Amino acid sequence: MTTVTEAQNQPIIKKNTTSTVMRVVQYSAIRLITLFVTIVIGIYLTIMIANMGGYVDEIMRSEIRERVTMQVVMNPANKTLAPDARNKLVLDEIAQEEKRMGLDQPMALRTFRYLSNALVLDLGRAINMTSDSGSKTVRLIILERLPSTLLLMGTSNLFLFFFGIFFALTLSRNYGSFWDKLVVALSPTSAVPPWFYGIFLILIFAAVLKVLPFGGMVDAPPPTNRFEYSLSVLKHLILPGSSLVLAAFFLSIFNWRTFFLIYSSEDYVDMAKAKGLAARDIERSYILRPTLPTIITNFALLLIGLWTGAIITETVFLWPGLGRTIFRAIGLYDTPVIVGTTIIYAYLLAITVFLLDFVYALVDPRVKIGGNN
């Protein structure tokens, strides 16, 4: 009887497995197409905004005309040329320079070329910016600045994330205590941007106390010894990292503390307490486990957020990271650099959002990929 029942159930199990696989594949395909369309729209809008709808082209043409005219006029070899010949030389060199920079083509054509190149991660060459090695390749410019940003943003944001959750759990256990009220009272201080804290930290510790450097990433000249070099970087990291932490510390704890308090008031938590379960077991199984998808989401978004850097804070501290590079690219109207950093962030965000759906299904049995719940 058992063998017959198992034989009857095998087609049902196989059918359910096939249905599940097809549902996952269909969902994944639709999700990937949707994310790709979103990326295309976002990158195209970024290109249009970076170009200011064509206004940047006019600025670049004006700069080319002014620069070429001055070069031709100031060149001693052109002093003997007739005015008509000199004007023709100026126009020829202007046309050649505009062709070199692609300004001889319609803006719509160049926009779609930017878009197609960006989508295949062909970031091209910068217009005005160069890497430390003198290269105009956008990929090299970004890769040179990436480690500095990862060091600054990674140190400060990971500290905020883990310590924020730890202190929030502690406060949720001691709701209404002095420290709980203090964090609630100090949470509005996060309305102040990190660069504002940075200026005050520079005034106190660099200008008045003279114990920490004003900015930069390493002493000049940099130490030759690896250990001394690391200490120099750590010393320069303290002020910008502290400004980023101060700007979000209390609000981060307040948000997580409120989040844990909401889950702590659920009926199943009260039932677990009534059964006499230990507080640690209740916290681990009935509070942290249901909140795990949210914690994972915040951590994943934090990781890809490291890519963007802190634009104004890095500029205030002269920190050679991606944030300062983007700030310079905006000021120099360097569209390839702006588009290059944006497309990589867009791909990272899309991949993260796509993978999170599968992570949710792994950590929470209630979530079904492609299902209704």
Residues in region 63-78 reached by a label modelled at A85 [backbone nitrogen below 13 Å; 7 Å Cα→Cβ]: 77-78
So, with +1 on the Cβ of K and R and -1 on the Cβ of D and E, and no other charges, what is the size of the charge dipole of region 144-363 about its Cα centre, to the nearest 20 debye? 340
With a Förster distance of 45 angstrom and the Cβ-Cβ distance between V40 and N75, calculated FRET efficiency to the nearest 0.05 equals 0.45
Magnitude of the Cβ-charge dipole of the chain, K/R +1 and D/E -1, about the Cα centre, nearest 20 debye? 460
Report the extension gain between L302 and D132 in nm, rounded to one decimal, defined as 0.36 nm multiplied by the number of residues separating them, less their alpha carbon distance. 58.4 nm
Segment R113-Y55, extension gain: residue separation times 0.36 nm, minus the distance between their alpha carbons: 19.1 nm
Give me the percent relative contact order of region 271-363, please, defined on Cα pairs under 8 angstrom at least 6 residues apart. 24
Bin width 10 Å, origin at 0, all Cα-Cα pairs of the chain: what percent of pairs per bin? 4, 16, 20, 21, 18, 10, 5, 3, 1, 0, 0
So what's region 65-165 giving for Cα Rg divided by 2.2 N^0.38 Å, two decimals? 1.74
Calculate for the chain the 222 nm mean residue ellipticity that helices alone would give, adding -39,500 (n - 2.57) per DSSP H run of length 4 or more and normalising by residue count, nearest 500 deg cm²/dmol. -24500 deg cm²/dmol
What number comes out for the charge environment of L169, summing +1 per Lys or Arg and -1 per Asp or Glu over other residues with Cβ under 11 Å away? +3
Give, as ranges by residue number, the residues of region 323-343 whose backbone N falls under 17 Å from the point 7 Å along Cα→Cβ of L143. 337, 340-341
From the residues I282, L318, S156, which one has its Cα farthest along the dipole of the chain in the positive direction, the dipole being from +1 and -1 charges on Cβ of Lys/Arg and Asp/Glu about the Cα centre? I282
In what sequence, highest mean first, do 184-197, 336-349, 202-215 appear when ranked by Cβ atoms within 10 angstrom? 336-349, 184-197, 202-215
Relative contact order for the chain: what is it in percent, counting Cα pairs under 8 Å that are at least 6 residues apart? 25
Let me know the charge dipole size of region 112-202 about its Cα centre in debye, to the nearest 20, where only the beta-carbon of Lys, Arg (+1) and Asp, Glu (-1) is charged. 160
Phi-based couplings in Hz for region 197-203 (Karplus 6.51, -1.76, 1.60; Gly and Pro marked x): 4, x, 4, 5, 5, 5, 4
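Each reported figure results from applying straightforward, stated rules to the coordinates on display, with no laboratory input. Keep in mind that this is a model prediction, so the values were computed, not measured. Please note: Cβ atoms are built from the backbone with ideal geometry, for glycine as well, and neighbour counts cover all protein chains shown.
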